[in-house]
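The values are calculated or read from the model by the stated rules, or taken from the named source; none is laboratory data. Model, not experiment: these values are computed from the prediction. Cβ sites come from the backbone with ideal geometry, for glycine too, and all protein chains shown count toward neighbours.
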Amino acid sequence: MDIQVRKRQGMSIKAISRELGISRNTVRRYLRSERVPEAQARSAKPTKLDAYRDYLNGRVEAARPNWIPATVLFAEIAALGYSGCVRTVSGYLATLKPVPKDDPLVRFETPPGQQMQVDWGAFRLNGQRISLFLATLGWSRFNYGVFVDNEQFDTLRDCHEQAFDAFGGVPMEALYDNMRTVVQQRNAYGRGLHRFHPGLNDLAHHYTFLPRLCRPYRAKTKGKVERSIGYIRRSFFVPLVSRYRQLNQPLDLVALNLEFARWLAITANARVHGTTGELPCDRLEQERAALQALPPTRLAGPPRPGQVERTLTKPFPVEILQHPLSVYEDLLEAI
């Protein structure tokens, strides 16, 4: 097109050749042609990712309609021998489904030991609804969570006590939304004076923390725990369930919590947090100095028969920390 335009402008073949840096014969051939010649297709060069494209395709398909982050899939194929960079993986996955950008959020920071944010997350396992109890310390961003089969108050109480054990102390306040096991009536005794669940009142008095509520229709007030639930869904739950589905292996609530405890310890709480720029587990060590001391006894008493004691301050069982890489190898071989 440049040649045709320059020719119409009155330039000679020699001048066009000199300006575009091509031979005169090339100029003549293009001028005689009635259409612009098509570019010749170049053969694609082999890349380090080629051997893992089928694996990535299979993982993406198994997770639909959900999406597995590129960092998670990069870690999986790196364990299988991939030596390329995460950007290459991210670029390839973008061709399968572009990842939308998150909306910017205004963050409200609290000092160490001040606030814990608590929320339930709804998930489905084997066709059944399960719930994730998640507690996030506001300053350190350290997470404690457990998957349960109900959201009754006794379960909420037990989860709180396990979270305080994991943190090694009690924050000054806990922030909730309007869950029925927390508040019975907002502003019952005046503006900002709510009627809390009697069991939560007992729990708060025993552990000396102040329960607080988000403003109605302002769930993002507790955005730290909300974003953590989304992170857990994308980076832990969807990849894990899809992997078990591909291998036709059963996944029950006990196995899910074993996997989750391991993932929290070696991934979620041991990664560089995007906001603080530090490891949540390292910041927890600093925040513990500002937490209130644990009471000598639990409000709920000793664990019920069959209940598994799960605290992150105690060493993990070997089966939690040693996840077999053969799971990924079997999956790659099957694909």
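Values for this structure:
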| item | result |
| --- | --- |
| Some residue of region 238-249 being touching a Pro at 6+ places or on another chain (Cβ under 7 Å), over 16 Å from Gly127 (Cα atoms), assigned to a helix (DSSP H, G or I) and charged (D, E, K, R) | no |
| Subset of region 252-289 that is of a type in the set (Val, Ile, Thr) and assigned to a helix (DSSP H, G or I) - its residue that is farthest from the chain's Cα centre (by Cα) | Val254 |
| Unique residue being touching a residue at least 40 places away in the same chain (Cβ under 8 Å) and either within 22 Å of the chain's Cα centre (by Cα) or surrounded by 18 or more Cβ atoms within 10 Å (Cβ to Cβ) (or both) when the list is Asp154, Asp202, Asp177 | Asp177 |
| Subset of region 121-135 [touching a residue at least 40 places away in the same chain (Cβ under 8 Å) and touching a Phe, Trp or Tyr at 6+ places or on another chain (Cβ under 7 Å)] | Phe123, Ile130, Leu132, Ala135 |
| Out of Val106, Val72, sole residue that is within 30 Å of Glu287 (Cα to Cα), modelled with pLDDT of 85 or more and outside the structural domain of Gln286 (by TED's automatic domain parsing) | Val72 |
| His194 surrounded by 16 or more Cβ atoms within 10 Å (Cβ to Cβ), farther than 30 Å from Thr71 by Cβ and without any contact (Cβ under 8 Å) to a residue 40 or more places away in the chain | yes |
| Tally, over region 190-226, of residues that are at pLDDT 85 or above, among the polar types (S, T, N, Q) and in a helix (DSSP H, G or I) | 1 |
| When residues of region 58-84 are limited to those that are in contact (Cβ under 8 Å) with a residue 40 or more places away in the chain and in a loop (DSSP other than H, G, I, E, B), the one farthest from Leu247 (Cα to Cα) | Pro69 |
| Test result for Thr136, in contact with a helix residue (DSSP H, G or I) (Cβ under 7 Å, 6 or more places away or on another chain) and assigned to a loop (DSSP other than H, G, I, E, B) | no |
| Cβ-Cβ under 8 Å pairs, at least 6 apart or on other chains, region 256-279 side closer than 16 Å to Tyr144 by Cβ, far side among the aromatic types (Phe, Trp, Tyr) and modelled with pLDDT under 90 | Ala261/Phe316; Arg262/Phe316; Ala265/Phe316 |
| Checking Phe147 against (1) outside any strand (DSSP E or B); (2) surrounded by 13 or more Cβ atoms within 10 Å (Cβ to Cβ), the condition it does not meet | (1) |
